[in-house]
Ligand SMILES: [Zn+2]
């Protein structure tokens, strides 16, 4: 199976889909990541050129940790992704060349213009993948991939989880993937949240900052009420707490209640339907 995760930025997939990517890889599926922008906007001190260079190297490292190919649109600056015809055609060609069975991307309602336009581009491209006269230089696909969305918490309309995945066994590796995005998790994002971060020389302190407080013993209510910028364990735990009922339906009462961290995905209606057969094929874990 071929799975394509399309994020607007390098780190979107890491936070919302890397645990599931690890499940896919272990099953022997091929996972590829495409970042629609070059990451140049993700810093407050480094120049845009320097930032995108650093981000490229961090993504290379993420690809190495996950054992996947990580593509970046180097010529598209952050905050400039638009759903225009050239971008649509470029994405049509890219997806056709890879021919994925499953695509996961953002919903087109999101706070960030890049996320919105990435979701919109994938929606725009969906039907065109199979239309031979559109981009005739790359053969049209003969099947429609299943398309799904990463989780978000925007409410109008709300995200509705169709699949919730237990990612507990990959938590440490998922934290390693977050750590690989050092310029974001220790510099840019804390700057935007006004957080103090231990210096680079204090490796232990940094990892403790990244991890944040333990969620052991916390109820779902407490986890959901906690500040979401208090470490990545809590952030990933919020998904499990938000979708507890779905986890119980999927894994049974005992395991479903025990899951601490999860990732959630919603089906896009413009791709192929996620039939029961495909659900078992893609998400047997
Ligand atoms: Zn993003």
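Side notes on the structure shown:
- When 74, 114 are screened for being in a loop (DSSP other than H, G, I, E, B) and either more than 30 Å from residue 239 (Cβ to Cβ) or within 16 Å of the ligand (Cβ to nearest atom) (or both), only 74 passes.
- Of all residues assigned to region 45-68, none qualifies as being under 19 Å from residue 266 (Cβ atoms) and free of Cβ contacts under 8 Å to residues at least 60 places away in the same chain.
- Helices (runs of 4 or more DSSP H) fully within region 168-265 that include at least 3 residues being touching a strand residue (DSSP E or B) at 6+ places or on another chain (Cβ under 9 Å) and modelled with pLDDT under 95: none found.
- Some residue of region 55-66 being touching a strand residue (DSSP E or B) at 6+ places or on another chain (Cβ under 9 Å), buried (at least 24 other Cβ atoms within 10 Å of the Cβ) and in a strand (DSSP E or B): no
- Applying the set (1) in a loop (DSSP other than H, G, I, E, B); (2) touching a strand residue (DSSP E or B) at 6+ places or on another chain (Cβ under 9 Å); (3) within 16 Å of the ligand (Cβ to nearest atom) to residue 104 leaves exactly one unmet item: (1).
- Per the conditions (1) touching a residue at least 60 places away in the same chain (Cβ under 8 Å); (2) in a helix (DSSP H, G or I), the sole criterion not satisfied by residue 144 is (2).
- The residues on offer are 124, 179, 166, and the sole one that is away from the ligand (no atom under 16 Å from the Cβ), farther than 21 Å from residue 264 by Cβ, within 16 Å of the chain's Cα centre (by Cα) and buried (at least 17 other Cβ atoms within 10 Å of the Cβ) is 179.
- Any hit, region 44-51, residues being modelled with pLDDT of 95 or more and either in contact with a strand residue (DSSP E or B) (Cβ under 8 Å, 6 or more places away or on another chain) or within 13 Å of the ligand (Cβ to nearest atom) (or both): no
- Condition broken by residue 93, with the remaining ones in (1) in contact (Cβ under 8 Å) with a residue 12 or more places away in the chain; (2) out of contact with any helix residue (DSSP H, G or I) (no Cβ under 8 Å at 6 or more places or on another chain); (3) closer than 21 Å to residue 267 by Cβ satisfied: (3)
The values are calculated or read from the model by the stated rules, or taken from the named source; none is laboratory data. A quick note: this is a predicted structure, and the numbers were derived from the prediction, not measured. Positions of Cβ are generated from backbone atoms using ideal geometry, with glycine treated the same way; all protein chains shown enter the neighbour counts.
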